[in-house]
Amino acid sequence: MAAAKKKSSAKKSASKSTGRKSTAKKSSGTKSSARKSSAKKSSAKKKSATKRTPSAAFMKPMTPSSELGAVVGTAPLPRTEVTKKLWAYIRRKDLQDSKNRRMINADDNLRAVFGGSKQVSMFEMTRLVNKHLK
C-alpha cells in the first residue's frame, strides 16, 4: 500500500512540474503581446484625441409629417432628436410590450405613423418613421 501511494504521489508531482513549465511559457508569451498591445493603445489614444464630427445627414433639420407631428411636434428637428422624442413618448405612455420589450404597441397617434399596425418592432419603427420626415 505504501509503495502504491508513493508511485501515485510521484506521478502527481511530475504532472505538477510539467504544468508549471507550460504556464511559464504562456506567461512569457503574454508579456510580449502585452507590450505590443500597449503600443497599439498609445496610438489609439492619439486618434481618439481628435473630436469626431457627426454626419451632416443626421444633424439636418427635417420637417415631420402631420401624423408624426402629433407625437414629436411640428417644428423641424434632426433625425436624432426625432428618435429621442419618439422614445420619450413611448416611455411616457408605457407603450413598450411588457413581455417582448422589442415590440412597440401603437396608440391612436402612433398607429397613423406605423401605417395602421397595432404593434411593430423597434427596428421597423425607425424605417416607418423615416417615411414621415421630409
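Nothing in this text is a laboratory measurement; each read-out follows from the coordinates by a stated rule. Values in this document were obtained by computation on a predicted structure and should not be read as measured data. Using ideal geometry, Cβ is built from the backbone for each residue, glycine included, and neighbour counts are taken over all protein chains shown.
For this structure, a couple of remarks:
- The modelled label-to-label distance between residue 134 and residue 65, using points 7 Å beyond Cα along the C-beta direction, is 1.0 nm.
- Amide N of region 107-134 lying under 13 Å from the label point, which is placed 7 angstrom from the Cα of residue 87 along Cα→Cβ: 122-123, 126
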